[in-house]
Structures are given as structure tokens and as C-alpha cells.
Amino acid sequence: MHLCIPSNVGNNKRWSIFLELLELKDMANTSASVWCLFLIMILSYEFLYLEIIKFGSCESQNVSCIAKEREALLKFKDGLTDPSGRLSSWRGEDCCSWAGVQCSDKLGHHVTKLKLPNLYSNNPDVDVTSYALGGKIHPSLLDLQYLKYLDLSMNNFEGVSIPNFVGSLKTLRYLNLSGAFFGGPIPSFLGNLTNLHYLDLNSCFSDSNKNDLHWLSTLSKLKHLNLGSVDLSKVGTYWLQAVNMLPSLEELHLPACGLSILPLSVPLVNFSSLSVLDLSNNGFNSSIPSWLFNISGLEYLDLNSNNLRGEIPDGFAGMINLQNLDLSKNSFIEGKLLKRNLGSLCNLHVLDLSFNKITGDIGEFINGLSQCNNCSLESLHLGYNELRGILPDSLGHLRNLKHLFLMKNYFVGSIPESIGNLSSLEEFYLSENAMEGTIPRSLGQLSSLVSLDVKGNQWHGVITEAHFSNLTNLKELSIAQMSRNITLIFNVSTNWIPPFKLTYINLKSCQVGPKFPEWLRNQDELKTVAVWNAGISGTIPKWFWELDLVLNELDFSYNQLTGTLPNTITFMPQGIVFLNYNNFIGPLPIFSLNLTSFHLDHNMLSGPIPHDIGERMPMLADVDLSFNSLNGSIPSSIGEMSFLLTFVISDNQLTGKIPDIWNNIPDLYLIDMSNNSLSGDIPHSLGSLTALKYLRLSTNNLSGELSPTLQNCTLIETLDLGDNKLSGDIPTWIGETMPSLLILSLRSNMFNGHIPRQLCNLSLLHILDLGENNLSGSIPRCIGNMSGFSTIIKDNRYESQLWVVAKGRDLFYDVYLFLVNSIDLSSNNLSGDFPEELTNLSRLGTLNLSMNHLTGKISSGIGRLQWLETLDLSRNQLSGMIPPSMVSLTSLNHLNLSYNNLSGKIPSANQFQTFIDPSIYEGNSGLCGLPLPTKCNGDDDPTHSPGAGDKHIEDGDDNEMLWFYISMGPGFVVGFWAVCGPLIVKKSWRHVYFQFLDDTKERVMVFVSLKLARLRRSMNK
């Protein structure tokens, strides 16, 4: 008998035993051969099933890939696009060695797995699409009759539908098409894959809301289901019924699926195997159903970012296997922390209740947790709630805690000393609360601590070396105070060497100075350095610049640092610099190529802006060099900063023209070049900045007419061109193409012509300043329809500044500019009546129409301007009386009506009692009454001769005077003895009283003597 032995026999132990038996010499007869064959079947049954055993002859078995399957794979490859050449290894005879292909020895080298995910999908440094497979899936996959595993995740099939033949791959147990950008709804033929154990369609279907889940019912073997980000908004409550029919399901992931209904009751919960449930980021608008907490095997529950409300149900106590509870980002309306059934929490590893509206005192909750015999809690996240109270000492009993997040609540008091008992603590976040106590020294015992963030409070006391004594693992430290008041002092010796190597430090409004902190000398791993408003003065020492740091952020702002800045600082991509509000001198430094934010404003830098700044720092997005002494012209290389968002160079000594370089900066939204000496025209290329919102070119020497290209800036909100030499008509396109305009200031220019009626289209405008021009004609009556002067802007994120003439002087507004409502048309040649329509602007705060040629009467409806604080109508030709309704202007604090033709009596009620300066009424010959010396007729004359009735009144007055004098005597006696009587009787009171008189006399004498001495010294000089 001749046996053909498989080629891989040497790797199988049972075949080795069989070959040893064949060597026995007494095996010679037929019966022995039959016995041998039986032994082969017992020892190597899988090879008898897969390998060809031929009697009489042996054939070669070297090929380890099924030819038919190799051809199927090549057809599959031909249908795909492969920009990165990932499938370049798919050549040769052995397809089992190709990338992503796996065969099974037990199944005779049949292909069982295709693992072709995009391996670079989570790498932010590469172009993911250049590594993504695409194209079409060829039906040749049907020839892979033993295919169990198919992974095409994170590729890009550009919205093509999953081909129908996929439903015929019935041997599949694992299918992962997540993030592969297939189109259409979920195909129902997936229900034919009855052997599936794992199905992941997360972020697979992004363009359809016609998905249903009826196909799920046949997948009885399914253990893992992920439909994350698949639109199930039309499914209603059926989603729960569908997954409830999967008895083997262990993990269910339905995040961000648009589910809106979380049923409060289920007839039968069939989730006996479920251990992971993720329903986060949906739109549930109900309370938390109790059936969720009856899933006894659940170990991980995530309900974050929904709109759930109410308290946690009592059934929570039954979840003894739960290791991770994430209920963050919900809306527990007026809910309180769970204070009962705390025994079940002893088994928790992670408890996340963040981003809710949980109220109440934290003390009882922490006390309950601390009573566990062996609390397993490792991560406690209660951040972003409305919790109050003092952190209890029992917090130190949670000895297994590694992550403690308590930020964004209303905790008060100090950190308890017991915090030092949490020897495993790695992260401690207590930022943005209302704590005003001290930071305990026991914090220094936390040898495992990596991140400490207690910013946004107002700590008091002193930080010493003891606070950091054992923090050998500390990498991130943030103690930025809530306000700029310095109440926390760092008191460490000059030769202190910290036990840690920080990568992140943020010390705001802590007294670190006056000297530059020497303990930073050994911090050579820093990535972020933010030590601002720290009372540091003097120069930054040379050794700091020589630490050879590669920084994300450098912030020494709001100190008193002096000296020059080097050009040697290196930054990571998207690095930022804040060295503003110091006293740095010298030329403007050029930092790293990677810098994106550059703030050196409010210093004493001088010299020109380097001509190649745009070439050496091309990645800059935010530039602020304002309030320095920079001179010279604006470099044209600024045009190479294609990522620029904000560009502020105001309040310098720059000259020359604004360069015409703005065509290639598409996202620039803020330009401020005000308060310089720039000249020439406004460049046409500014009109290419379609994202521009804020343009401030005021207080320069710009001339010419406004470039019509500016009408392309349709998003502009602030247009401040005041205090220049611009001329021509005010363009009508301002009112036609800039609907978002909030501020329009063209004051102190040479504009002429009429005020365009088109400006009335600016419904959001709340500051209009056209004063000090040569405008003529009447004030458009449609100005009374501008609703911006009748409302307050709701969005106070307002990136603008402006000088506004109000209350008789120039006032600078920045933070509260959104509250200002002002119209200034003063110092022009306007004529016509005072428009009645102006009185419709109910929230107008400043109205200045002075120095024009207005005629007629002041509108009687002016009393409706209840918010008016400044009213200046001086130097016009207005006539008639001051409207009586003006006494209702109770907010008015600055008034000027001088040099008109007004007449009649000046009102004397309410605010008018405070207007005692006669100059505000002078130049009106017809006005009378206080504060003018001119009395009105009848003010002093008796109205008529006394008669009988008057005699009765006078008699009444005489009687009242008589009784007044009669009562004066007893009143004097009572008052005298009420004060002097006790002094006569009580000796101690008498001593105190006369001592007070002596002290008062001495103070007066000293004061008079000092004044006389100073007067003599000044006269002798």
C-alpha cells in the first residue's frame, strides 16, 4: 500500500506518532494495513477531510493557495482603487501570503479572512483619503466559500450602495464596514447573514434617513452590534423591539443615531447577555426608564449628551456588576445626587454624572461612598453641574481614586487635608468653582499625581515647597486665579529644585515675582509656559532662553518685564505667544516659523516691522502689535500670511500707504490700523476680503473716495474710517450690500452730499457717526425705522473698539460697546425740521445734532426716548418751547440746547433740577427760569389783591405761626435736658464728651497750622 503523505506532516504531532508506527517491522499483512488506516482516521481526521490521500501514487502538494480563490481575489483587486498601493503585494501563486489575506490550515488553505481597513484613519498627520481603498466590490468574493471575516472599515466607497451579493456571504461571522462611506439605506439583505457574531456599520450610511431595523430579527447569533451615527430617526420605538429579539447580544452601540424615544416600559427585557450599552448623543426627552437598571449583567452604560431628566431610579441598586456608569451631558432638572442604595456604588470603577444640572450638597454623597468596606471607585466625574457645599474630609477615604473631576460647580471653602490620603490619584480637576480657601500642604503627598488643575477659584494664603514635596510625577499644573486680585503667594527659596518636570504650567494672578522664578531653571520639558499677572519685573534671564524649549505656548503677559526679546524661541506647529502688557523694548523679534498667534501689544517696542515678517512667520493667524512705538511702513510680505485671521497694528507711528496685498488672505476678518499716520487711498484689494467683519482705519491721513470694491465685504459689522481726509459722497452701497453692519463711523472727514436713504436699510446698526463732515440736506425720516436703535445686541462676543462722543466728551468703549446706541450727525450743514421719526428709537442713548441748520420745533414725542443719556441740539435754529415731555427723560445726564431760538419757561421737574449750568441754555433769548438769570413773567408779583378769602388764609397763617412760637419753648427745654441732663448726672459720659471736644479742637489746630506752613513756603518761593 502506497500512501501520499501531506507536505506539512512535520508540523503535526499526531502525524509524527503515525510515522513512528509505520517503522514497526512486524506490520506486513493486510489486516495490519487496515488497522493503520483506522489509526490515521483517528489521529488526523482533519487532514483526511482536507488532504487528498491517494493509494498507489503520490502527487506534489506544494501549492498553499486555492487557485479559484486566488483568481477571485485578483478580480476583487481589479475592481478597487488603491491610491497608496496597499495591494501591490497581491502577486504570485501563494495568495495566503498577500497583505490582508488569511487562510486556514485546518480548512485546507481556504481564504477565511480579508482584513483591509484603512490603517491611517486615526493618524492626524497624514491625508487619510490617500490611503483609502475605493471603487466597487466585485462579486468574485462569492467564490471565497469559507470567508468568515471581512473588514473594509474606514475606506472610501464614495456613496455607492453595498452590492446585493454581500447578502449571500452566509459564512460570514465578522463584518466591519464602519466609516467606509457607503450610500443608501441599510440593505435588508444583511439579515441573510445568519451566522454573524459581529456587525459594525458605525458612520457607514451618512446620507439616508430611510433606515429600518426589521432585518435584525434573523441575526440570532449576533453578539456585537454597532450602528453609531446611522440615522434611525424614523424608526420610532421599534429600535428597542428589534434589538430585544437578539438573545446573544453582548454589546449594543447606538450613539448619535437620532433616536428620540426611549420607552419607559418594556414588556420583557431579553438582554440577559448584554454587558455594554451605549445610547449617547441621541435626542431622548424623557426620564430615565427603570428597565435600564434591571439588566443585571450590564457592566458599561453610556447615556451622555441626551436630554434626560429627573432623578436616577431606585432600580440602580440592582446593577451590582456595573463597572462604568456614564450619564454625562444630560439634563437632570433640579435633580439631586443619589443618596440611597449606595451599596451598589461600591462595585463601581467609573462614575460619570457630568454635564447635568445636579444640585445639592456633595457632602452626604461622598460620605456614603466612603462607607464602603472596599470602594472600587477609580474615576469620579461630577463636573459641569450645580453642586454646592464644602468638600468633606471623607473624600480622602476613596483611596482607589485615580481620576477626580469636580470642575464647573459651586463648591466653596478649602481643599480638605485628607486629600493627601489619595495615594493613587493621578488627575485632580477642581477648576472654576467658588472656592476661596487655602491649598493644603497634604497635596504634596500625592506622589502619583500627574495633572493638578484648580484654576478659576480665588485661593488665599502661601504656597511653599512643602506643597510639592513628593509630586515626582507631576506634569501639568494650573493655579490660575478667578480674578486679577493677587491673594495667593508663591514663597519658595531661590535655590529650590522642584521634584517634578512639568510640561504644562499655568499660574495666573499668583504672586510669583518680583524676581523671575529661578525654579524654572530645571524645567526643560516645558511645552506650555503661562505665568501672567504674576508681579514679575526685570528682564527674563538668559538661562531661560537657553533651556532649548520647543513650546506650544509662551505667556508672560501683564507683568513688568523689561529688556529685549531674542529671535531664538522655537515653537511647535500652531504655537502662540502672549508677551503683551509689559515694558519690552528694542526691535520687534521674529520667532519660529510655526507660530500662529503673536501678541506683543502694549509694550515699548520700536523700529520698523521687519520687511520679511510674512516670509519668516507665514503661519500667523492672529497678530496684535498695537500700542508700541513701531515706525516705518507696513511690509508687503504681510500678504504671504495666507492663514491670517486678525491683524492689529493700531496706536503706533506707522507711515506710508496701506499696501495693496490682501488678495490671498481669504479668512481675514479683523483689521485694525487706526491711530497711525498712514496716507494714500484705501487699497482696492481690501474688497477681496469677503470674510471681513471689522475694519478700523480711523485717525490716519487717508484720502480719496471709498473704493467700490469694499461692497464685496458683505459680512462687515464695523466700518470705522473716522478722522481721515476721505472725500466724495457717502456711497449708497453701504446700505445696500452690508446688511450685518452694526457700527458705521465716518466722522471728521470731508464727505459731502446728502445722507443716503439707503442707510436706513441697516436694521442692525446701533452706532451711526457722520459728524464733522460737509453733509447737507435734511435728515432722512426713514432713520426712525432702524430697529437696531430700539434693541440690544444679544451676542456680546463683540470684537470691536470705538471712540464715541457722548456726555460732552470722547469716551472709549470696547467690552461694553454692544450696549451703546448712538446717532451723531453734528457739525455738518444739515437743514430741515427735527424729524419726529427719531422719537421711535426707544433705546437711543446718545443723540447729537448740534452745529447744523435745523429749524422748527423739538418734537413733543421726544419724551419717549427713555434711555436717552446725551442730547445735544446746540447751535441750530430750533424754535418754540422746550417740550414738557422732556421731564420724563429720567436717564438724561448731559443736555445742551444753547444757541437756538427757543422760548418759554425752562422745565424744573425731575432731571432738569440737576441741569444748573446756565451755559446749556444760553443763546436762547426767549428762555426764562432757572438756571438763567431771566425770570419768567409773574414769578415774583402777587397774582391779585387780597380779599376776604385771602384775609381768612392770612389769619390761618398767623394762627399757625402763634402755635409755632408757643411750642418752641417746651421743645427747647425738652431737647436741652435730653442732651445735657445725662452729661450732668453721668460723670463718665461727661469725660468722654469733653475729651471728644478736646480732640476735635486739636485736629482743627493741626490742620490749620499745616495749611499756614504750606502757604508760607509757597510764598517764600
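Does segment 120-140 contain at least one residue that is of a type outside the set (F, W, Y), under 23 Å from V230 (Cα atoms), touching a residue at least 60 places away in the same chain (Cβ under 8 Å) and not in a strand (DSSP E or B)? Yes; the residues of segment 120-140 include at least one that is of a type outside the set (F, W, Y), under 23 Å from V230 (Cα atoms), touching a residue at least 60 places away in the same chain (Cβ under 8 Å) and not in a strand (DSSP E or B).
Checked against (1) modelled with pLDDT under 95; (2) assigned to a loop (DSSP other than H, G, I, E, B), G687 passes all but condition (2).
Scanning segment 527-581 for residues that are in a loop (DSSP other than H, G, I, E, B) and small (G, A, S), we see that the one that is nearest to K455 (Cα to Cα) is A534. Looking only at segment 506-526, decide whether some residue is at pLDDT 95 or above, part of a loop (DSSP other than H, G, I, E, B), hydroxyl-bearing (S, T, Y) and within 25 Å of the chain's Cα centre (by Cα). No, the conditions are met nowhere in segment 506-526. Meeting the requirement of 1 or more residues that are buried (at least 18 other Cβ atoms within 10 Å of the Cβ) and among the hydrophobic types (A, V, I, L, M, F, W, C), the strands (runs of 3 or more DSSP E) wholly within segment 855-928 are 870-872, 894-896, 901-905, 926-928. In summary, T568 fulfils each of the numbered conditions (1) crowded, with 22+ Cβ neighbours inside 10 Å; (2) touching a helix residue (DSSP H, G or I) at 6+ places or on another chain (Cβ under 7 Å) with the single exception of condition (1). Highlighted here would be strands (runs of 3 or more DSSP E) found entirely within segment 355-430 that include at least 2 residues which are over 31 Å from the mean Cα position of the chain (by Cα), but there are none.
S57: touching an Asp or Glu at 6+ places or on another chain (Cβ under 6 Å) and modelled with pLDDT under 85, yes or no? No; evaluated as a whole, the condition is false for this residue. Being modelled with pLDDT of 95 or more and surrounded by 15 or more Cβ atoms within 10 Å (Cβ to Cβ) is a property that S800 lacks. Scanning segment 338-354 for residues that are out of contact with any Leu (no Cβ under 9 Å at 6 or more places or on another chain) and either among the polar types (S, T, N, Q) or at pLDDT 70 or above (or both) turns up just one, N341.
The single condition among (1) crowded, with 20+ Cβ neighbours inside 10 Å; (2) modelled with pLDDT of 95 or more that P587 does not meet is (1). V531 satisfies every condition listed in (1) modelled with pLDDT of 95 or more; (2) surrounded by fewer than 21 Cβ atoms within 10 Å (Cβ to Cβ); (3) under 30 Å from G444 (Cβ atoms) except (2). Does S636 fit the bill of being touching a strand residue (DSSP E or B) at 6+ places or on another chain (Cβ under 9 Å) and surrounded by fewer than 22 Cβ atoms within 10 Å (Cβ to Cβ)? Against the criterion (touching a strand residue (DSSP E or B) at 6+ places or on another chain (Cβ under 9 Å) and surrounded by fewer than 22 Cβ atoms within 10 Å (Cβ to Cβ)), S636 does not qualify. Checking the structure you have, find out if any residue of segment 531-542 is of a type in the set (K, R) and without any contact (Cβ under 8 Å) to a residue 24 or more places away in the chain. Taking every residue of segment 531-542 in turn, at least one turns out to be of a type in the set (K, R) and without any contact (Cβ under 8 Å) to a residue 24 or more places away in the chain. Considering segment 219-325, the qualifying strands (runs of 3 or more DSSP E), each wholly inside and each with 2 or more residues that are modelled with pLDDT of 80 or more and farther than 24 Å from G191 by Cβ, run over 300-302. Reported count of residues in segment 728-757, each being polar (S, T, N, Q) and closer than 19 Å to N712 by Cα, is 4.
Residue by residue through segment 617-634, note down the ones that are β-branched (V, I, T) and outside any loop (DSSP other than H, G, I, E, B).
First, pick out the residues of segment 617-634 that are β-branched (V, I, T): 623, 634.
V623, the sole residue that qualifies.
The set of residues in segment 168-197 being under 36 Å from the mean Cα position of the chain (by Cα) and polar (S, T, N, Q) consists of N176, S178. Cβ-Cβ contacts under 6 Å between residues 6 or more apart (or on different chains), taken from a first residue in segment 448-471 that is touching a residue at least 12 places away in the same chain (Cβ under 8 Å) to a second residue that is among the basic types (K, R) and in a loop (DSSP other than H, G, I, E, B), are listed as V450/K475.
Buried (at least 22 other Cβ atoms within 10 Å of the Cβ) and more than 21 Å from L446 (Cα to Cα): does that describe N385? Please lay out each step first, then the result.
Numbers: buried (at least 22 other Cβ atoms within 10 Å of the Cβ): yes; more than 21 Å from L446 (Cα to Cα): yes.
So N385 fits the description; yes.
The values are calculated or read from the model by the stated rules, or taken from the named source; none is laboratory data. All values derive from a computational prediction rather than experimental measurement. Note: ideal-geometry Cβ built from the backbone for every residue, glycine included; neighbour counts use all protein chains shown.
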